[in-house]
Amino acid sequence: MQGRLKKTVVLVGMMGAGKTAVGRALAARIGVPFLDSDAEIEKAANMSIAEIFARDGEPFFRRKESQVIERLLDEERGILSTGGGAYLQDQNRAMISDKGIAVWLDADLDLLWSRVKHKDTRPLLRTPDPRATLAEIYHQRVPVYRMSELSVKAHPSYSIDEMAAKVEAALLTRPDVLEA
């Protein structure tokens, strides 16, 4: 099965877009490893992303994130879920383009808000008006996410498995990435 996947698929997009859930389902569908840069960072630091942000700041976190993404791209071919801000860094986009393929999980603002509003695990949303903060981040990031080689539109009615199937279908349009 893994021979079908020719390069690592890097899922990019906003917090709440489904990168981890869809990534796990997609990896299972096509029989390849699931990789998660945030989980790897937490494991290495022995603390949560929110704790790293609080203790060391976002610039430190972004440096560690780049190192982890590079290592994962070099070590193993699979489905890689990244943090929402990872793709914004020029060096990460270049690495992903060079060693894998970026797939944007394109979820609109209302869908994202419906998924993140009850979670306190998002350090960037710890503000007096998290909905406005999410909108601001969304409008800043969407132009960068649009640079992804592929994008798959999320819809509130899609299950995780349906979204994974949509991503697989998009990947199958690229025989340099996934063989049928």
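The values are calculated or read from the model by the stated rules, or taken from the named source; none is laboratory data. A quick note: this is a predicted structure, and the numbers were derived from the prediction, not measured. Virtual Cβ from ideal backbone geometry, glycine too; neighbours counted across all protein chains shown.
Residue by residue through region 83-96, note down the ones that are modelled with pLDDT of 95 or more and closer than 18 Å to GLY23 by Cα.
TYR87, ILE96
In contact (Cβ under 8 Å) with a residue 24 or more places away in the chain and within 19 Å of LEU112 (Cα to Cα) - does that describe any residue in region 34-42?
yes
When you go through SER97, SER48 one by one, which is the residue that is out of contact with any helix residue (DSSP H, G or I) (no Cβ under 7 Å at 6 or more places or on another chain) and among the hydroxyl-bearing types (Ser, Thr, Tyr)?
Working: SER48 fails: out of contact with any helix residue (DSSP H, G or I) (no Cβ under 7 Å at 6 or more places or on another chain).
Residue meeting the stated conditions: SER97.
Exactly one of these conditions fails for ASP38: (1) out of contact with any strand residue (DSSP E or B) (no Cβ under 8 Å at 6 or more places or on another chain); (2) at pLDDT below 95; (3) surrounded by fewer than 22 Cβ atoms within 10 Å (Cβ to Cβ). Give me its number.
All conditions pass for ASP38, except number (1).
Could you tell me whether any residue of region 101-116 is free of Cβ contacts under 8 Å to residues at least 12 places away in the same chain and in contact with a Leu (Cβ under 9 Å, 6 or more places away or on another chain)?
Looking through region 101-116, none of the residues is free of Cβ contacts under 8 Å to residues at least 12 places away in the same chain and in contact with a Leu (Cβ under 9 Å, 6 or more places away or on another chain).
Checking ARG24 against (1) of a type in the set (D, E, K, R); (2) in contact with a Phe, Trp or Tyr (Cβ under 7 Å, 6 or more places away or on another chain); (3) buried (at least 19 other Cβ atoms within 10 Å of the Cβ), only one condition comes out false. Which one?
Single failed check for ARG24: (3).
Could you say whether any residue in region 98-109 is modelled with pLDDT under 95 and part of a helix (DSSP H, G or I)?
Yes.
Conditions: (1) closer than 18 Å to LYS7 by Cβ; (2) more than 13 Å from the chain's Cα centre (by Cα); (3) not basic (Lys, Arg); (4) not in a helix (DSSP H, G or I). LEU72 meets all but one. Number of the miss?
All conditions pass for LEU72, except number (4).
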